[in-house]
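Student: My structure is below; once you've seen it, I'll send some questions.
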Amino acid sequence: MSSQNEPPDLYDVVIVGGSYAGLSAALQLARARRRVLVIDAGVRRNRTAAHSHGFLTQDGRPPGEIAAEGKAQLLKYPTVHWQDGSAVQATDTPQGFSVQLAGGSAVKGKRLILASGVIDEMPAVEGLAERWGVHVFHCPYCDGYELEQGRIGVLATGPLSMHHAMMLPDWGQVTFFLNDAFAPDAEQLAALARRGVTLVSTPVARIEGDADVVLVDGSTHTMAGLFAACRTSPASPLAAQLGCVIEEGPIGPFVQTDLQKATSVTGVYACGDTARMAGGVAFAVADGVMAGVAAHQSLIFAAH
């Protein structure tokens, strides 16, 4: 652990996840001089991206630098402790919550904030996974501008890909690769035509080069970048273990919260991609602020 003080037997708040949402939540609590532990597995969702976009004052900055600076600023507060590792189990206790770490040790907190993010489940297309976050993306607002209005491919994964195909003409010339995953109806075909989207029905064999789409007939479509609507799943089992309500979103399950980021389990909060249908760095930071503030106020105004 890293801290200026010895770790207490009972923290005010244990935060699982030390990326943007978890850091933001911890900062609010640190500034309230509460005893906080952040448990971080060190696997940021955007770890493959070279730059982060759309976050005010940080536009274009490497995402790892943003996270590292946030951690450094947070650890200047004397009531903050940091634990590298994975949280594998959480249970309700009379005092609050007990969180077991992968190494076998356990920590306790009066409140628990889940900020552990999600796992992207990418389409089984050869060459796609290794280009994820570099030449293959999921968020037009995060990565569309840098494609310089070039040729953009949308790889269909299901009905949600229609949303991508309709949005992305604002960022470039769009080719929609249906790949036997989606068949637009007549109304959708008309809408795509109005947006100037080119449709390709021949299945995709693999991705080569930067973002070259090679079809099963051997033809190649060179793209400036590709977008794919991947499924997501929670990166941590803790919410399910505790009995938090899990909601099914358009791209995968996420933890249901109220406007203060409280889950259905008293004393448990969730923020960032863990508790969103779709996310981004700016959304995660904002969610973390709310979760941290709400957890702090619950220590004052509500009994566990």
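Each value in this text was obtained by applying a stated rule to the coordinates, not by laboratory testing. The structure presented is a predicted model; accordingly, all values stated were derived computationally and were not measured. Note that we place each Cβ from the backbone using ideal geometry, even for glycine, and neighbour counts take in every protein chain shown.
Student: Taking every Cα atom in region 36-94, find the radius of gyration and the maximum pairwise distance Dmax, and write them in Å.
Tutor: 14.5, 46
Student: Next up: Over the alpha-carbon set of region 123-228, divide Rg by the Kirkwood Rh and report the Rg/Rh ratio to two decimals.
Tutor: So for region 123-228, dividing Rg by the Kirkwood Rh gives 0.92.
Student: For the chain, I need the span (max minus min coordinate) of the C-alpha atoms along each principal axis, in Å, sorted largest to smallest.
Tutor: Computed over the Cα atoms, the extents are 63, 34, 33 Å.
Student: Right, another one. Let's see if you can work this out: charge +1 on each Lys and Arg Cβ, -1 on each Asp and Glu Cβ, no other charges. What is the dipole magnitude of the chain about its Cα centre, in debye to the nearest 20?
Tutor: Roughly 1120 debye, rounded to the nearest 20.
Student: Expressed as an acute angle from 0 to 90° and rounded to the nearest 10, what is the orientation of the C-alpha long axis of helix 20-31 relative to the principal long axis of the chain?
Tutor: Between helix and principal axis, roughly 30 degrees.
Student: Taking +1 at the Cβ of each Lys and Arg and -1 at the Cβ of each Asp and Glu, which of 280, 190, 95 sits farthest along the dipole of the chain towards its positive end, judged by Cα position relative to the Cα centre?
Tutor: The Cα lying farthest towards the positive end belongs to 95.
Student: Using unit Cβ charges (K, R positive; D, E negative) and no other charged atoms, how large, in debye to the nearest 20, is the dipole of region 123-228 about its Cα centre?
Tutor: The dipole of region 123-228 has a size of about 200 debye.
Student: Could you line up 116, 264, 233, 52 from fewest to most neighbouring Cβ atoms inside 10 Å?
Tutor: Lowest to highest Cβ neighbour count: 233, 264, 52, 116.
Student: Also, I was wondering about something else. Quote to one decimal, in nm, the extra length available between residue 241 and residue 91 on full extension: 0.36 nm per residue of separation minus the C-alpha distance between them.
Tutor: So the chain would gain 53.2 nm between residue 241 and residue 91.
Student: Applying the Karplus parametrisation 6.51 cos²θ - 1.76 cosθ + 1.60 with θ = phi - 60° to the phi angles of region 155-160, what ³J(HN,Hα) value in whole Hz is obtained for each residue in order, glycine and proline being reported as x?
Tutor: After applying 6.51 cos²θ - 1.76 cosθ + 1.60, I find 8, 5, 10, x, x, 5 Hz.
Student: Follow-up. Rule-of-thumb check for region 1-85: C-alpha Rg over 2.2 N^0.38 Å?
Tutor: 1.11
Student: For residue 210 paired with residue 183, estimate the spin-label separation in nm (one decimal), with each label point 7 Å from Cα along the Cα-to-Cβ line.
Tutor: Taking the two extended label points, one gets 3.6 nm.
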